[in-house]
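Peer 1: First the structure, then my questions, so here it is.
The values are calculated or read from the model by the stated rules, or taken from the named source; none is laboratory data. Predicted model only: the values in this text are computed from it and were never measured. Neighbour counts run over all protein chains shown; Cβ positions are idealised from the backbone, glycine included. Surface areas here come from the heavy atoms of the whole protein model, side chains and all, with no ligands, DNA or RNA. Shrake-Rupley method; radii C 1.70, N 1.55, O 1.52, S 1.80 Å.
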Amino acid sequence: AGLSFVIGLERTFRFFFQKHKMKATGFFLGGVLIVLIGWPLIGMILEIYGFFLLFRGFFPVVVGFIRRVPVLGYLLNLPGISSLVDKVGESNNMV
């Protein structure tokens, strides 16, 4: 709902129903349906998976922004966390 308020209904619809994002949209909306049916744990797992598939193109942008924030950037550059964040931030998928 928040995305619809920010970018509008038409652009939200176009974002979710692009041909290459149909699998992700199916998992996300299917998870919502399963939660409403009464299986919240399974539904939430499907929603989280769909969310990551839908928004994986934004993760490099988010990582780049957080690395410029003083305290959070320091935390992301710690030895154990840095390699994980580098893998998330190197995605080549376009939105």
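Peer 1: Does at least one position in region 65-78 carry a residue that is touching a residue at least 12 places away in the same chain (Cβ under 8 Å) and among the aromatic types (F, W, Y)?
Peer 2: No - not one qualifying residue is present in region 65-78.
Peer 1: Residues that are at pLDDT below 85, out of contact with any helix residue (DSSP H, G or I) (no Cβ under 9 Å at 6 or more places or on another chain) and open to solvent by 90 Å² or more (accessible area, probe 1.4 Å): does region 35-42 have at least one?
Peer 2: Taking every residue of region 35-42 in turn, none turns out to be at pLDDT below 85, out of contact with any helix residue (DSSP H, G or I) (no Cβ under 9 Å at 6 or more places or on another chain) and open to solvent by 90 Å² or more (accessible area, probe 1.4 Å).
Peer 1: Looking at this structure, is V63 closer than 30 Å to F17 by Cβ, open to solvent by less than 60 Å² (accessible area, probe 1.4 Å), of a type outside the set (S, T, Y) and out of contact with any Lys or Arg (no Cβ under 7 Å at 6 or more places or on another chain)? So that I can check it myself, show each step before the final result.
Peer 2: Numbers: closer than 30 Å to F17 by Cβ: yes; open to solvent by less than 60 Å² (accessible area, probe 1.4 Å): yes; of a type outside the set (S, T, Y): yes; out of contact with any Lys or Arg (no Cβ under 7 Å at 6 or more places or on another chain): yes.
Spelling it out, V63 is indeed closer than 30 Å to F17 by Cβ, open to solvent by less than 60 Å² (accessible area, probe 1.4 Å), of a type outside the set (S, T, Y) and out of contact with any Lys or Arg (no Cβ under 7 Å at 6 or more places or on another chain).
Peer 1: Among the helices (runs of 4 or more DSSP H) lying completely within region 2-50, list those that include at least 1 residues that are of a type in the set (D, E, K, R) and within 18 Å of the chain's Cα centre (by Cα). Spell out the reasoning first.
Peer 2: Numbers: elements: 2-7, 9-16, 22-37.
Passing ranges, in order: 9-16, 22-37.
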